[in-house]
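Inspection log for the structure reproduced underneath, given as structure tokens.
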Amino acid sequence: MSSNCDPRNAPVGDVDAALMMIDSRLKSVYEDRSESHSEQQELLKQYVASLGPGGIDDLLDGTCTIIYMLMTWLRKAHEEHDKDVIEYVVPVFVASMLRMPRSVPPEVIPTMAGMVVAAGTGLSPNLWRMQYGDWTEAEMTPLEATAFLLAEQINRIADDREFAVRMIAEALNRADADKG
């Protein structure tokens with residue numbers, strides 16, 4: 001039986017732009033560039049404003065695609081050790097978000113956790129989220145934080161600060177090669 005949240009039915013979105021944002025955020029955290037954080041945020045706001053309504057939707061879909069890809073990797077990695085990805089990833093994820101109250105309002109944590117659970121169980125996070133209406137302004141930064149936290153967790157598991165971004169970039173390159 002096919003679900004209305006089957007990833008095959010989901011728009012892929014602008015994965016390249018979403019990956020660029022996640023990579024930039026990871027690098028700023030790893031390099032402790034806190035002094036340039038406000039400058040980076042301003043550049044990001046300008047970039048998002050330049051996208052227009054359709055571009056923002058593509059960026060949101062791209063971020064959800066990355067969340068799906070990261071959770072798929074985490075699920076497979078946990079299954080190799082007979083572990084449940086939901087049991088091991090979600091509590092750490094939620095605890096991390098709770099420590100970010102300026103960026104992640106507590107009221108959006110259940111939605112972000114739901115997206116992670118959806119992706120971890122093989123459902124499209126963006127189609128899962130669409131069931132509940134339009135994205136809210138309060139969910140924008142937490143969505144980025146969700147992708148960031150998952151990528152960072154994968155980087156820690158792999159003991160490689162660039163592993164998650166490289167994995168997504170390589171998957172995109174393979175998909176482009178398969179098209180051409």
#### Entry: Residues within segment 155-164 that are surrounded by fewer than 20 Cβ atoms within 10 Å (Cβ to Cβ) and either closer than 17 Å to residue 20 by Cα or not charged (D, E, K, R) (or both), tallied
6
### Summary
Quick count over segment 110-126, residues being part of a helix (DSSP H, G or I) and over 14 Å from the mean Cα position of the chain (by Cα), is 1
### Summary
Given (1) open to solvent by 20 Å² or more (accessible area, probe 1.4 Å); (2) at pLDDT below 95, residue 94 misses just (2)
### Message
So residue 77 ticks every box in (1) farther than 26 Å from residue 159 by Cβ; (2) of a type in the set (A, V, I, L, M); (3) over 17 Å from the mean Cα position of the chain (by Cα) but one. Which box is left unticked?
### Response
(1)
### Message
Being surrounded by 16 or more Cβ atoms within 10 Å (Cβ to Cβ) and within 23 Å of residue 57 (Cβ to Cβ): is that true of residue 167 here?
### Response
no
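Scan segment 98-138 for residues that are surrounded by 14 or more Cβ atoms within 10 Å (Cβ to Cβ) and without any contact (Cβ under 8 Å) to a residue 12 or more places away in the chain and report the count.
Selection size over segment 98-138: 1.
The values are calculated or read from the model by the stated rules, or taken from the named source; none is laboratory data. Computed from a prediction, not measured in an experiment: that's the story for all the values here. Reconstructed Cβ throughout: ideal geometry from the backbone, glycine too, with neighbour counts over all protein chains shown. We work out accessible area using only protein heavy atoms, side chains counted, and drop any ligands, DNA or RNA first. Shrake-Rupley method; radii C 1.70, N 1.55, O 1.52, S 1.80 Å.
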